[in-house]
Amino acid sequence: MVSIRQATTKDMFQMQNCNLNNLPENYNMKYYLYHALSWPQLLYVAEDENKKVVGYVMAKMEDEKEVEKSHGHITSISVKGSHRKLGLATKLMRASHHQMSFLYGAEYCSLHVRVSNIAAVGLYNGVLGYEIIKTEVGYYADGEDAYDMRLYFTNPTDPAASSEEVKKEQDLMKGDTGKDGEMAGEGKKKRNKKKMM
Ligand SMILES: CC(C)(COP(=O)(O)OP(=O)(O)OC[C@H]1O[C@@H](n2cnc3c(N)ncnc32)[C@H](O)[C@@H]1OP(=O)(O)O)[C@@H](O)C(=O)NCCC(=O)NCCS
């Protein structure tokens, strides 16, 4: 059985391994640790029964001054070939989305994807409801174009937008801080308009 949980710094080497085998965009360990230490709540792993990481999502909050609205950004997601088409990427993405919205008050999440990546575009647009904002010509190092995509969040307490694991975490946080109501209420949430390509 595969479970989804928040990543820790101990998972970083397994996450990097999962990335190296699946994607041309690779990062050094410093970059993984930068994410894990800055936004630990936004990184999730899918772990099999042997405690092996079979998928991950790594995300961050955009904190540039010129960005007028707080938003999250998916830096990388990957699921091992042996565990694809089981809904793991969907769960990982939803867990990170939930935390962006719920903890950080993000109004939306952005990402880039290769225009040829049919599986990922299907996940983002078809399943999760991301819209294509624009095409960035020659975005990748090898010259391929990227879709710049965006998902506006619905109500973060919407059960459809959060995994069981996140709901458990949310319950724990209620007990610990009692602040979730405040956080969840921050910002005016736009309803995502799902648009097919
Ligand atoms: C893209 C990726 C993360 C999807 O992971 P996954 O766990 O298999 O995805 P899910 O099972 O949650 O599938 C969700 C949706 O994605 C789409 N999808 C996934 N694999 C697909 C494939 N091989 N072909 C077409 N669509 C596919 C489908 O729309 C699917 O919904 P469905 O099952 O109802 O048809 C995985 O294929 C992967 O790791 N690829 C290599 C790394 C990568 O490309 N990362 C994205 C970089 S932007």
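Bear in mind these aren't lab numbers, they're just calculated from the coordinates by the rules spelled out. Every value quoted in this text rests on a predicted model; they were computed, and no experiment measured them. In this analysis, Cβ positions are derived from the backbone assuming ideal geometry, glycine residues included, and neighbour counts consider all displayed protein chains.
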## Note on the structure
Net charge (Lys, Arg +1; Asp, Glu -1) of residues whose beta-carbon lies under 15 Å from that of H35, H35 excluded, is -1
### Summary
Yeah, region 39-129 with a ≥ b ≥ c from its alpha-carbon gyration tensor (a/c under 1.5 is rounded, else prolate when a/b outruns b/c, oblate otherwise) is oblate
### Query
Got a sec? How would I4, I74 order by Cβ neighbour count within 10 Å, fewest to most?
I4, I74
### Where GluC sites (Glu not before Pro) fall in DSSP loop in region 1-93, at most 16 other Cβ within 10 Å
E25, E49, E64, E66, E68
### Query
So for M93, M61, fewest C-beta neighbours within 10 Å to most, what's the order?
M61, M93
### Summary
Between D142 and K10, the FRET efficiency computed from the C-beta separation at R0 = 35 Å comes out, to the nearest 0.05, as 0.60
### Task
Any of K51/K80; K85/K134; K52/K80; K10/K30 with alpha carbons more than 18 Å apart? Name them for me.
K85/K134
## Note on the structure
Karplus-derived 3J(HN,Hα) from phi for region 124-133 (6.51 cos²θ - 1.76 cosθ + 1.60, θ = phi - 60°), whole Hz, x at Gly and Pro, runs 5, 7, x, 9, 8, x, 5, 10, 7, 8
